[in-house]
2 protein chains.
Amino acid sequence: MLIEDFFLKSLGKWNSMRSGHSLAFKEFEEIVSQIKITSLEKWDIRVLEMLNHRKITNKSFSTPVIIEWESESNWEDSKADNISSGSSILIPFTSTTKTGKILRSTGYAENIKAYTEYNILENDTVIFITRYNQTIAEERIWFISSNVRCRASLIKSINTSAILQTSYASEIRIS
Amino acid sequence: MLIEDFFLKSLGKWNSMRSGHSLAFKEFEEIVSQIKITSLEKWDIRVLEMLNHRKITNKSFSTPVIIEWESESNWEDSKADNISSGSSILIPFTSTTKTGKILRSTGYAENIKAYTEYNILENDTVIFITRYNQTIAEERIWFISSNVRCRASLIKSINTSAILQTSYASEIRIS
């Protein structure tokens, strides 16, 4: 499996059940989301703007995607505080067959533009590692059928290497 | 990493936070457990009985372990119904450096004696696949530090291949 195949398999609308584990406090968080993953043209204005902004002239990237989500968590007392939504554009640059970098418009752990390194394992699990200012996020995604994918992630502190949170999502394609 | 190394790294007491996702009903389950993993002598009476019972004369297995757990779930209304405990003995038989079979005294998805096939990936993730009468359980375990391990599992129906449940545990060593 190449990164193009991975994104191709991921296109569509997904219902996601995600559990967060705060290890230090033994606290569970439950998040239900709808996620929509769509491919973008290479000359989409949002893609070109991202490349311009980073002064990237290398045009040998694979098909970009936009991930849009709407989430509801059980974390805060007030329902309104638990609803969030957002989107992120991903542009994949291949280094070798199984490794490369992804330029993302919005980071996951910290809301900044970030580079993600990816690595595809022999069993088609895709590992994403993103370095932010304070934290490192590691995400591993694998398909258990063509319509169900799993996503396990962890966020750790760069300074102390302490693991701040792990989380796990089961995602089912709805269209 | 060999299977012996994996079990050696797993010895000790662990606090586990586990989330179960029932995909069809979008229901979350939260389970808090204490898990104790101890190595056994190859000539431990419980190990010998398991081998005798299955008429296994092949003595070229690695160090067996016993896993003991006490769990509390939030699933049932009554607290008493949510508390469970148990133990399972695992005897690993190596086939190649990275693959083999594990004889277990109690299955995970169905409470019967079972054989588990294991496979160790290039990034040291260990995959266990167990076939029961009605279901197949796939478990993948990886260490994110020497004191934190993650465990993602799924149970699917043999007849329909439908995915019945996925679950994810974050486990922290406490001694």
- Message: If residue A:162 satisfies all but one of (1) under 12 Å from the mean Cα position of the chain (by Cα); (2) more than 16 Å from residue A:16 (Cβ to Cβ); (3) within 11 Å of another protein chain (Cβ to nearest Cβ); (4) not acidic (Asp, Glu), what's the number of the condition it fails?
- Response: (1)
- Set B:52, B:123, B:133, B:147: member being at pLDDT below 90, surrounded by fewer than 16 Cβ atoms within 10 Å (Cβ to Cβ) and not basic (Lys, Arg): B:133
- Does residue A:75 satisfy the condition of being over 14 Å from the mean Cα position of the chain (by Cα), among the aromatic types (Phe, Trp, Tyr) and farther than 25 Å from residue A:169 by Cα? no
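A quick yes/no check of all residues on (1) surrounded by 12 or more Cβ atoms within 10 Å (Cβ to Cβ); (2) in a strand (DSSP E or B); (3) on the phi > 0 side of the Ramachandran plot:
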{"site": "B:35", "(1), (2), (3)": "yes, yes, no"}
{"site": "B:56", "(1), (2), (3)": "yes, no, no"}
{"site": "B:62", "(1), (2), (3)": "yes, no, no"}
{"site": "B:70", "(1), (2), (3)": "yes, yes, no"}
{"site": "B:81", "(1), (2), (3)": "no, no, no"}
{"site": "B:84", "(1), (2), (3)": "yes, yes, no"}
{"site": "B:89", "(1), (2), (3)": "yes, yes, no"}
{"site": "B:92", "(1), (2), (3)": "yes, yes, no"}
- Query: Condition test on residue B:47, is it within 14 Å of another protein chain (Cβ to nearest Cβ) and touching a strand residue (DSSP E or B) at 6+ places or on another chain (Cβ under 7 Å)?
  - Reply: no
- So which residues in region A:12-34 are of a type outside the set (A, V, I, L, M), over 19 Å from the mean Cα position of the chain (by Cα) and more than 7 Å from chain B (Cβ to nearest Cβ), if there are any at all? A:22, A:25, A:27
- Query: Within region A:158-172, is there a residue that is modelled with pLDDT of 95 or more, surrounded by fewer than 16 Cβ atoms within 10 Å (Cβ to Cβ) and among the polar types (S, T, N, Q)?
  - Reply: no
- Message: So residue B:66 passes all but one of these: (1) in a strand (DSSP E or B); (2) modelled with pLDDT under 95; (3) not basic (Lys, Arg). Which condition number does it fail?
- Response: (2)
- Message: Can you say whether residue A:30 is buried (at least 16 other Cβ atoms within 10 Å of the Cβ), of a type in the set (Asp, Glu) and part of a strand (DSSP E or B), as far as the supplied structure shows?
- Response: yes
- So which of B:63, B:106 is in contact with an Asp or Glu (Cβ under 7 Å, 6 or more places away or on another chain), under 19 Å from residue B:10 (Cα atoms) and β-branched (Val, Ile, Thr)? B:63
- Examine region B:135-145 for a residue that is of a type in the set (Phe, Trp, Tyr), within 17 Å of the chain's Cα centre (by Cα) and away from every other protein chain (no Cβ under 14 Å), and state whether such a residue exists. no
- Item | Test: residue B:153 is within 14 Å of chain A (Cβ to nearest Cβ), in contact (Cβ under 8 Å) with a residue 60 or more places away in the chain, assigned to a strand (DSSP E or B) and under 19 Å from residue A:143 (Cβ atoms) | no
- Selection count, region A:37-77, where residues are touching a helix residue (DSSP H, G or I) at 6+ places or on another chain (Cβ under 9 Å), within 18 Å of residue A:116 (Cβ to Cβ) and among the hydrophobic types (A, V, I, L, M, F, W, C): 7
- By residue number, the members of region B:113-147 that are in a strand (DSSP E or B) and over 28 Å from residue B:47 (Cα atoms) are B:144, B:145
- Message: Looking at the structure I just gave you, is residue A:113 at pLDDT below 95, touching a Ser or Thr at 6+ places or on another chain (Cβ under 8 Å) and away from every other protein chain (no Cβ under 14 Å)?
- Response: yes
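The values are calculated or read from the model by the stated rules, or taken from the named source; none is laboratory data. Everything quoted here is computed from the prediction, not taken from an experiment. With ideal geometry, Cβ positions are generated from the backbone for all residues, glycine too; neighbour counts draw on all protein chains shown.
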